[in-house]
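Computed from the coordinates by the stated procedures, all read-outs in this text should not be read as laboratory data. Owing to the predicted nature of the structure, the values given are computational and were not obtained by experimental measurement. Neighbour counts are summed over all protein chains in view; Cβ atoms, including those assigned to glycine, are modelled from backbone coordinates with ideal geometry.
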Amino acid sequence: MAGRGDQTRARFAELVARPDDELPLDEAALLIAAQARPGLDVPAELGRLDELAAGCKEPTLDGLTAHLFDELGFRGNAEHYQDPDNSYLDQVMTRRLGIPISLSVLTMEVGRRLGVGIDGVGMPGHFLVRHRADPGVFLDPFGGGRRLDAAGCRAIFATLGGEGWADGYLAPTGARAILGRMLLNLQGLFLPADLKQASWVLQLRLTVPGLAVADRLGLARALGSLGRYGAAAAELDRVAEGLPEDEAATLRAEALGLRARAN
């Protein structure tokens, strides 16, 4: 029988296989948290998002930002930025602390419940959101929901040492890419110090469609280095299916070697 972690991973894989506009970002983000804490009640956490929206007095962009950042005090955790709890949506709701991407997901999902359309903006170095009805209006959830224009976004980019600005950095980011970035952040936190946590992060990343072959191979081999020989071998076999026969044979032999190590 599949364990709870396997069931969570299977559900996450099912969701990220959907088109972006059919992918429930709130549930998928909570499934990431559920991999870290297998006892997490995802439906109950979705209900907490409903409650956050229900408490908003005015279903507008100004009403949303006032509710989340002024009344409830959600803010960026600059003091302990590397704390993994900053990336888990349930803990963001509990502690009212997070990093740019997790606070942006919170803002997007509470906004969606209010009928306030908000898109994620995956600017390098600092995640933001933009108002769908007025694409020239951006918010910085990590900075207390402050309102920005394009020049303000670019100023943040420059402050963080960014070079080579491109206007495309302010384009909307789809749900699948948001989830992939959340997982990549966690991978950076856990490797190389926390191999147990890194293992489930790598496995979730491998379920996200669109990864380049080189990335899939790197993740599979990283799993093997963590002792997850079966999972690593299975991924190598999947990659081999799409390669020329000579390359595929090499990967299958590598997978066979990993399976032998598991015995």
Given the Cα-Cα distance of E51 and Q82 and 0.36 nm per residue of separation, how much length would full extension add, in nm? 8.4 nm
With just the Cα atoms defining each centre, how far is region 4-52 from region 64-141? Give it in Å. 17 Å
Could you give the length gained by full extension between R112 and R4, i.e. 0.36 nm per residue of separation minus their alpha carbon distance, to one decimal place? 36.0 nm
For region 216-230 and region 162-184, what is the separation of their Cα centres, given in Å? 26 Å
Charge dipole (debye, nearest 20) of the chain; +1 at Cβ of Lys and Arg, -1 at Cβ of Asp and Glu: 540 debye
How much length is gained on full extension from L243 to E71, taking 0.36 nm per residue of separation minus their Cα-Cα distance? 56.5 nm
Using DSSP loop states and a limit of at most 15 other Cβ atoms within 10 Å to flag GluC sites (Glu not before Pro), what is the longest stretch of the chain containing no flagged site? 80-162
Determine the calculated [θ] at 222 nm for the chain from helices alone, applying -39500 (n - 2.57) to every DSSP H run no shorter than 4 residues and normalising by the residue count; nearest 500 deg cm²/dmol. -17500 deg cm²/dmol
